[in-house]
Amino acid sequence: MKKYMPSQNTVFNISSGLVLLGVSTIFGFMSMPAEMGLSILAGALGMAFSNIDKLSEFSGAGFSAKMKDQLQAVIDKETETEISDEEDKTINNMEKSILKALSNPKYTWRTLPGVSKEASLSESETWTILVTLIQKGLVRTGTKNKTGEMIWSLTQIGRSHVG
């Protein structure tokens, strides 16, 4: 008979859940609001960090984490790729100017106004082209920046089309 051995992540998830729900409830019944709040924070942070690979954004109690989308763009920017024939996409001059603006080495993520200005196109034209480039797999959109604006980045395939 094979014994079930839970993974370290499973144990951490269960422990964090117990702290989040169990310990905080006990402190609540004992009329200890400060301790209750701290146990809720500890349990929530434990749950967040045990699932950090699945999160794209987490914030609460003065703590904020953005991972997946931003990290992938940095990896794509720093990684050399090979293009297969099926990945070869034809692009027009306006699309090339958008790709060139997105490949500016000063930035990994760009806003619509920044891309529009650098590509010398209107924001509505830029938006339409960005959507087309997403469909072609050359551009990705991230969450949003600090001011709430949509942010854009090249994919590995998109980087290979800038030249």
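The values are calculated or read from the model by the stated rules, or taken from the named source; none is laboratory data. Just so we're clear, the structure is a prediction, and the values are computed from it rather than from any experiment. All Cβ positions, even for glycine, are placed from backbone atoms using ideal geometry, and neighbour counts span all protein chains on display. Just the protein is used for accessible areas: all its heavy atoms, side chains included, with ligands, DNA and RNA removed. Shrake-Rupley method; radii C 1.70, N 1.55, O 1.52, S 1.80 Å.
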Would you point out the residue of region 1-32, among those that are of a type outside the set (Ser, Thr, Tyr) and not in a helix (DSSP H, G or I), that is farthest from LEU45 (Cα to Cα)? MET1
Looking at (1) modelled with pLDDT of 55 or more; (2) exposed (fewer than 14 other Cβ atoms within 10 Å of the Cβ), which is the only condition ILE83 fails? (1)
Failed item, numbered, when LEU102 is tested on (1) crowded, with 16+ Cβ neighbours inside 10 Å; (2) modelled with pLDDT under 85: (2)
Scanning region 140-163 residue by residue, those open to solvent by 20 Å² or more (accessible area, probe 1.4 Å), of a type in the set (Gly, Ala, Ser) and assigned to a helix (DSSP H, G or I) turn out to be SER160
Counting just the residues of region 16-38 that are farther than 24 Å from PHE49 by Cα and of a type in the set (A, V, I, L, M), which one comes out modelled with the highest pLDDT? MET30
If I filter region 124-139 for residues that are open to solvent by 60 Å² or more (accessible area, probe 1.4 Å), under 13 Å from LEU154 (Cα atoms) and assigned to a helix (DSSP H, G or I), do I get at least one hit? yes
